[in-house]
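Okay, structure first, notes after.
Taken together, the values in this text are just the output of simple stated rules run on the coordinates, not laboratory data. Predicted, not measured: the structure shown is a model, and the values here were computed from it. Here the Cβ positions follow ideal geometry from the backbone for every residue, glycine too, while neighbour counts run over all protein chains shown.
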Amino acid sequence: MTEEKPENHINLEVCIDSFESAENAIAGGADRLEVCSSLQLGGLTPSVGFVSVLRYKYPDTPLYCMIRQRPGNFVYTEDEMSANMEDVEWLKKAGATGFVFGALTTVGTLDREACDTIITTARPLPVTFHRAIDVAYDWKSCLEEAIEIGFKAVLTSGQEPSALDGVHIIREMQELYKDKIDILAGCGVNSSNVANLVEWTKCHWYHASASVLKKNVPMNKVSMGKQDNQPTRVTTVEEVRMLKETLAPV
């Protein structure tokens with residue numbers, strides 16, 4: 001399995017948390033999947049079973065697994081980090097080809113010990129620094145330290161609610177660090193704005209859910225949780241294809 005592409009190839013990573021979304025993303029031509037659970041919570045660690053079945057069904061698809069125990073901040077306890085390490089070990093065996101992780105200290109700097117632990121545990125697989133960069137106190141020093149300890153990519157919205165809002169910082173990241181780390185522009189990326197993002201940021205990687213809301217059909221009189229009857233987001237083949245078609249001639 002390889003992710004090698006021509007130098008001018010612009011790549012699309014699609015984040016998914018269901019088999020339906022995974023199938024649609026691959027059918028649409030996604031270059032890589034970011035595999036999560038609970039995207040409505042920002043993406044959490046997927047189950048070993050989910051990743052194992054994805055690997056069996058799609059043996060040639062790069063699968064980068066989110067390592068995030070819970071929603072909320074990126075400051076992890078010792079127990080949470082122990083669980084994160086266990087998840088990396090088991091997900092490697094399940095067929096992950098990379099990981100996505102970010103950790104900060106209570107003052108908003110990169111948690112070097114936590115990040116180094118995950119990078120070491122994941123070896124020889126690559127690790128992307130997650131959107132913790134977007135809430136870091138000083139993104140430049142955070143990114144430089146991420147590069148120094150061995151992260152291979154960073155997923156960012158440019159410290160703004162969406163990549164479109166953070167385009168100036170994303171472009172600066174690309175200009176300063178493109179030869180040292182892959183910059184993935186993500187959050188709010190879709191087929192309507194990705195051409196502008198490419199023009200403005202010059203990044204070679206874009207990250208999107210390529211999803212629409214899908215209504216849930218209630219099956220129980222008793223709710224198992226407040227999300228039971230809420231619509232869920234599902235990746236569509238059409239949106240992934242439109243993203244890829246827009247990226248192809250750029």
Each residue of the range 176-188 in order: what ³J(HN,Hα) in whole Hz does its phi give by Karplus 6.51 cos²θ - 1.76 cosθ + 1.60, θ = phi - 60°, with x for Gly and Pro?
7, 10, 4, 8, 10, 7, 6, 9, 9, 7, x, 4, x
Under a straight-distance cross-link criterion of Cα-Cα below 15 Å, which aspartates and glutamates are reachable from Lys215, leaving out those fewer than 8 residues away in the same chain?
Glu20, Asp228
How big is the dipole moment of the chain about its Cα centre under a simple scheme where the beta carbon of each Lys and Arg is +1, that of each Asp and Glu is -1, and everything else is neutral? Debye, nearest 20, please.
760 debye
Summing -39500 (n - 2.57) over the DSSP H runs of n ≥ 4 in the chain and dividing by its residue number, what mean residue ellipticity at 222 nm do you reach, to the nearest 500 deg cm²/dmol?
-11000 deg cm²/dmol
In whole Hz, the Karplus estimates of ³J(HN,Hα) for the range 48-61 (6.51, -1.76, 1.60; θ = phi - 60°; x where Gly or Pro) are 4, x, 4, 5, 4, 5, 4, 5, 5, 6, 10, x, 9, 8
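Please go through the residue pairs Lys57/Lys214; Lys202/Lys244; Lys93/Lys180 and name each one whose alpha carbons sit more than 26 Å apart in this structure.
Numbers: Lys57/Lys214 24 Å; Lys202/Lys244 16 Å; Lys93/Lys180 29 Å.
Where the Cα-Cα span goes over 26 Å, the pairs concerned are Lys93/Lys180.
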So, by mean Cβ neighbours within 10 angstrom, what's the order for 9-18, 178-187, 118-127 with the highest one leading?
9-18, 178-187, 118-127
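Set the Förster radius R0 to 35 Å, insert the Cβ-Cβ distance between Glu78 and Phe19 as r into 1/(1 + (r/R0)^6), and round the FRET efficiency to 0.05.
0.55
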In sequence order, calculated HN-Hα J values of the range 153-169 (Karplus, 6.51, -1.76, 1.60; Hz; x Gly/Pro)
7, 9, 9, 8, 10, x, 6, 10, x, 9, 4, 5, 5, x, 4, 5, 5
Could you give the nm distance between label points at Tyr137 and Thr109, where each point is 7 Å from its Cα heading toward the beta carbon?
0.7 nm
For Ser37, distant residues with modelled amide H under 5 Å away:
Leu44, Thr45
